[in-house]
1. Just to be sure, is G22 of a type in the set (G, A, S) and more than 18 Å from L128 (Cα to Cα)?
2. Scan the range 110-122 and give yes if some residue there is part of a helix (DSSP H, G or I) and modelled with pLDDT under 90, otherwise no.
3. Criterion first (modelled with pLDDT of 90 or more, of a type in the set (S, T, N, Q), touching a helix residue (DSSP H, G or I) at 6+ places or on another chain (Cβ under 8 Å) and farther than 13 Å from I43 by Cα) does S129 satisfy it?
4. Conditions: (1) outside any loop (DSSP other than H, G, I, E, B); (2) out of contact with any Asp or Glu (no Cβ under 8 Å at 6 or more places or on another chain). A82 meets all but one. Number of the miss?
5. Considering only residues that are under 16 Å from A50 (Cα atoms) and surrounded by fewer than 16 Cβ atoms within 10 Å (Cβ to Cβ), look in the range 67-85 and name the one that is nearest to the chain's Cα centre (by Cα).
6. Taking the residues in the range 102-126 that are closer than 22 Å to I46 by Cα and of a type in the set (S, T, N, Q) as candidates, determine which candidate is surrounded by the most Cβ atoms within 10 Å (Cβ to Cβ).
Amino acid sequence: MIKLIGPDRETFLKGRRCENQGLGIGAFVYYRRVVENQKNRIIEEILKVAEKLDVSPNIITALKAAKNETQFSKALASVKDAMPQALLINGHNPLTLLHSALSDGLHDQTDEHCLEIASSVRVVLGELSERLAQALKDEAELNNALSKLMGARDAKAVPRIGASRAEQETNRTSGAAGSSR
């Protein structure tokens with residue numbers, strides 16, 4: 001999660017300390033600040049996943065527009081339907097969940113209620129961070145596996161150094177370069 005929140009790491013940790021001490025309003029304010037400050041970073045990571053998953057161009061356009069939107073609530077509201085399936089949490093858009101939790105504000109809320117909301121914001125933000133990392137890792141892992149398999153396939157076409165002409169001919173016709181019979 002630290003990668004996702006970037007330069008607001010210390011602010012996040014202050015929120016976590018407040019949460020651990022039962023200071024709901026403090027935790028809420030710190031977490032809200034982190035999400036608002038890191039809106040572009042969060043949307044950029046979602047955009048990377050969307051591009052790797054080759055989602056609809058409409059989703060890419062909506063995410064780019066949200067990133068350029070300066071008003072936090074408008075940005076998050078504009079991407080309510082623009083979330084790659086792999087990033088949904090129990091079928092829900094995590095940005096919509098965060099937006100609805102953070103837009104209610106602190107007015108007339110008890111410290112206990114703010115503590116519950118702050119804890120939920122942290123959990124959803126953490127889950128989103130994990131899903132982003134997993135989606136990007138899966139893509140990198142798949143690309144690495146494909147490269148290895150393609151390299152192995154290409155290596156079969158190259159005769160083994162030191163192989164006799166008979167071995168090379170046998171391997172060429174059987175398609176098993178480097179194997180001995």
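The values are calculated or read from the model by the stated rules, or taken from the named source; none is laboratory data. Just so it is clear, the model here is predicted, and its values are computed rather than measured. Counting neighbours? That spans all protein chains shown, and the Cβs are built from the backbone with ideal geometry, glycine included.
1. yes
2. no
3. So S129 does not fit the description; no.
4. Condition (1) is where A82 drops out.
5. Checked the range 67-85; the qualifying residue nearest to the chain's Cα centre (by Cα) is Q85.
6. Looking at residues that are closer than 22 Å to I46 by Cα and of a type in the set (S, T, N, Q), I get S120.
Yes/no matrix, rows are residues, columns are (1) surrounded by fewer than 21 Cβ atoms within 10 Å (Cβ to Cβ); (2) at pLDDT 90 or above; (3) among the β-branched types (V, I, T); (4) assigned by TED's automatic domain parsing to the domain that holds Q109:
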site	(1), (2), (3), (4)
E10	yes, yes, no, yes
G15	no, yes, no, yes
Q21	yes, yes, no, yes
A27	no, yes, no, yes
R33	yes, yes, no, yes
I46	no, yes, yes, yes
K52	yes, no, no, yes
V55	yes, no, yes, yes
L63	no, yes, no, yes
